[in-house]
Structure formats: C-alpha cells, structure tokens
Amino acid sequence: MSGAFSLNERWVVVQPQDTGEALENPGMGWVLHFYDNVPENYGSKLAPSDTVDDFPGLTVVYLRIPWCYLEPEEGKFVWSVLDTPAQRWIAKGKQVAFRITCCESWLRFATPEWVYKAGAKGYFFEPGKGIVDGGPYWEPDYDDPVFLEKLDNFLAAMADRYDGNPEVAFVDVGSFGVWGEGHTFASTKLKYPASTVIKHIDLYCKHFRRTLLVANDDFSFQGEETIDYAWQRGLTLRDDSILVQPGEKAYFHANLAQRFWRDRPVILECEHYGPSRDRGYWQDGSLYYQAVEDYHASYVSIHWWPREFLEENRELVRRINLRLGYRLQLVEARYPKRVKVGTQLPFLMKWRNAGVAPCLPGGYPTVTLKDDAGGIVAVFADQEFNVRSLPVGEPGQAEVVQREVVFPLPFNLRPGEYEVFISIGTKTGTPKIALPLPDGDGQRRYRLGRIKIISDSQ
C-alpha cells in the first residue's frame, strides 16, 4: 500500500548504475535464423551441441521452413524438423518462432506437391520473369479452395502442437507470397486483393488463438487495409529484409509500426547481412540501430551466420542491446536501516524504462529479505504498480517514475539483520525480468544492502 515517508528515519540510499550488460528477457531480444527457408542456412550448420551462448541478448530461434518439409504426404507430419532444433535452445531457456512458407524461388514445390496433384490451382514461374509455362518453381493461387482447404488442415495440426505453448514466442502468417514475405515480386508478379491476405490471416487466427501471430509489412502491397485488419485481429508486425537498399531507402514502413509497438512486440529483420555488407549498404550498421529506434522494436534478427555477424558487429550489437525492447533501470532505492517487528517497512523506488518499447510482459517490483544463509525470510510485492506503465523516450530521456510504498511486516518475521534484494516479476514475488544491476542472486533478484529488524525493546 502507498504511504508517506518520515524524514526522521535513517535511510539506506542506493543509486545503482546500469551495468551495460545484455539482458535476456521475455518478449524481446535477438532472433537467430536456424532455418532461413533454405534448410542449410544459417543455424543449421551449427553442431547439435552449439547453441551460440556467446551471442549477447539472444532469446529466440527462428525456424523458417517450407511446408513440404513438414507434411511430405497428406496427413503425415515430420514435426521433428521443428522439434529437434527447438529442444536445443529450449533447454537453455530460449523460445522458438515459426514461419511456414508456401512458395520459394529455389524449390519447385514449397507447398507440397501432393496439394498440386490434388487439384490446387497455381502457376509455374521463373524469378524475374513471372509466370512461365514449365517454369522451375510453382506458386499456388492463394485464393484457390483446394489449396486453402489443405492449408487449413495443416494449420489445425500445427496449432494442436504449438498454440499456447509458452516455448513459442510467435508464429508468422507465412502462407502468402514468395518466401512467405507477403508479396509476389520475385515469383509470379500477380496482384491479389486485400481480401486474399485477409483470408490467410483468418485461417491462422482460427487455429492459433493463444500464441502471438505476426503480419508482414509487405501485406500492405495488397492494400493497407491488410495491416489495419491484422492490427484489429491482434497480430503484431514485422518488417523483413531492411537494408536491401541504402540510405533513405533502407526501410519504408516504420510508420506502420506506430500502431503496434505500444501493446505488441514489433519484429525487425535485416537483409542477409553478407550481401548487404558487400554491396556497401550495411556500412557500420547504424541504420539497423536507427530502425530499432524508429520502429520501437522488441525483436531484431541475426540474418546471417551468427558468429560472423557478431564478430563484425560487436559494437552495434552492444548498442542495440541497450535500447532493444525494454530495459528497466532502478534509478534509486531508499529504505530505513532499522525497522521494528510488528510495524511497517517504508520503501521508495525510482524506475525508468531505458528501452524503445514498453515492458509488454509487465511485472511488479518486489522487495525480498534474505538471511545470511540465503534463505528467504520476507517477500513484499508492490502489486499496485505494473512496470508495463513505464513510459519510453529518446535515449537517456525516459521519464523516471517514483513509487513510495509501505509494506506491513509479517507477524513471523524475527529480529535480525537481513540482506535486501529487489526484483521484477509476478504479483506473488516470483522474479521474471532481468535487470541491469550488479550482485544478482542467480534468480533475478539483486542485492541492494542490509536492514535490521529490531525487537520492541531495542
């Protein structure tokens, strides 16, 4: 509960500095492309025991793979394609994300060939030329009822396994357009109405009712109402392959993100880093950093061989980690050095979100007292203050929010000297969010100092 502070108390005042470390937190972080449509790119070249633990801020592994690899025969699924790599990172506390594609510019039938043989209409094409009789690749007619029926069945099976699974961060609506990117520029070059994209959004929403779904910014090429509809249906937004072009043309859709970032995590993906670098468009990567700012991004992708990317962009990765998603800073904590049993513990906290996005998972500050053996002797959660409400701002300019609370001491708290820890988590005091503070206990609680609980006679 809130209350006034007595200025007669002798206070412990702590003003910790941000440690500068990369934080691995829910709903944000770097995204490693394990499969990148082509199964051999990029993480799939890693040894099975290699989970790239040295990449700071990595939280999600992205499995972006054509449908044909998962359902090579109708109704017969090879979920091991997803589950095998997923388990490697889940064991390290990471999440996975999926995009299942229906058209590729390197694979004849990304949609399984049995769908084509079942009578689904579509078009053979050659990249750069569009529709070509006998072309090397096939793209379905995205409105075709046979194709949509088979896709519906596949999504039902996929959602039965993964919808609502806390190990899954998000699922892209990846069934429209070449590479699942929401356009046909590199395939048939056919223009579809917005209603086609909306059909695909609806199919995913029909089956994935609990897991976050993602719309591609390039849906807007079929009409900006597609983005409006995605927002209305609760999807978030991603922008694929920024920095394909240089300078002011590095990205185009930061304006679309403004509708999403306040309550959904926006996702950014740069073009394949190597080609962008080699054409001179990447330069020092500052445009990638600027995109994080302009989109208020919560996730950003490693779209290349992860260690090569890291080695050549360490300073960029460090800078992005200081702003990506949310970063909750304890600016000041103040509490009395002594408190009598049976009374109350007044506690002042000043918090700031130094990231570009709100702390969308939310959380509540908690003060924990521990004895010298590390045992928890008291837990005090400020359940009236959700850190999701902390405002964001330009670098170093976010508003500091002050909380003054008074926690009644439990009847069974004995006199003694205890360590004081701060954390952010559930209303019941379970820590969930890493903070850029020193002296952590390994469970996302951070030591502030000591306090004496004294008896009535002292």
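Odds and ends about this structure:
- Across segment 390-408, not a single residue is classified as part of a loop (DSSP other than H, G, I, E, B), in contact with a strand residue (DSSP E or B) (Cβ under 6 Å, 6 or more places away or on another chain), among the hydrophobic types (A, V, I, L, M, F, W, C) and within 15 Å of Ser423 (Cα to Cα).
- Residues of segment 75-103 satisfying the condition of being touching a helix residue (DSSP H, G or I) at 6+ places or on another chain (Cβ under 8 Å), closer than 23 Å to Asp239 by Cβ and not hydrophobic (A, V, I, L, M, F, W, C): Gln95, Arg99, Thr101
- Residue among Val292, Val317, Val379, Val300 that alone is within 24 Å of Pro431 (Cβ to Cβ) and either aliphatic (A, V, I, L, M) or outside any helix (DSSP H, G or I) (or both): Val379
- Scanning segment 231-248 finds no residues that are buried (at least 19 other Cβ atoms within 10 Å of the Cβ), in a helix (DSSP H, G or I) and touching a helix residue (DSSP H, G or I) at 6+ places or on another chain (Cβ under 7 Å).
- Scanning segment 256-265 finds one or more residues that are under 30 Å from Leu316 (Cα atoms) and assigned to a helix (DSSP H, G or I).
- Among the residues of segment 301-321, those that are surrounded by 19 or more Cβ atoms within 10 Å (Cβ to Cβ) and either hydroxyl-bearing (Ser, Thr, Tyr) or closer than 19 Å to Val266 by Cβ (or both) comprise Ser301, Ile302, His303, Val317, Ile320, Asn321.
- Test: residue in segment 349-361 that is farther than 21 Å from Thr59 by Cβ and assigned by TED's automatic domain parsing to the domain that holds Ala47: no
- Residue within segment 28-38 that is aliphatic (A, V, I, L, M), modelled with pLDDT under 95 and either closer than 23 Å to Leu213 by Cα or under 16 Å from the mean Cα position of the chain (by Cα) (or both) present: yes
- Selection within segment 202-224 - crowded, with 16+ Cβ neighbours inside 10 Å and acidic (Asp, Glu): Asp217, Asp218
- Enumeration of residues in segment 417-458 that are part of a loop (DSSP other than H, G, I, E, B), surrounded by 21 or more Cβ atoms within 10 Å (Cβ to Cβ) and of a type outside the set (A, V, I, L, M, F, W, C): Arg445
- Residue match in segment 320-342 (condition: of a type in the set (Gly, Ala, Ser), farther than 30 Å from Ser457 by Cα and under 18 Å from the mean Cα position of the chain (by Cα)): yes
- Gly280, sole failed condition from (1) in a loop (DSSP other than H, G, I, E, B); (2) surrounded by fewer than 22 Cβ atoms within 10 Å (Cβ to Cβ); (3) out of contact with any Pro (no Cβ under 8 Å at 6 or more places or on another chain): (3)
- Of the listed requirements (1) in contact (Cβ under 8 Å) with a residue 40 or more places away in the chain; (2) crowded, with 21+ Cβ neighbours inside 10 Å, Gly164 misses just one: (2).
The values are calculated or read from the model by the stated rules, or taken from the named source; none is laboratory data. Model, not experiment: these values are computed from the prediction. As a convention, Cβ positions derive from the backbone with ideal geometry for all residues, glycine included, and neighbour counts pool all protein chains shown.
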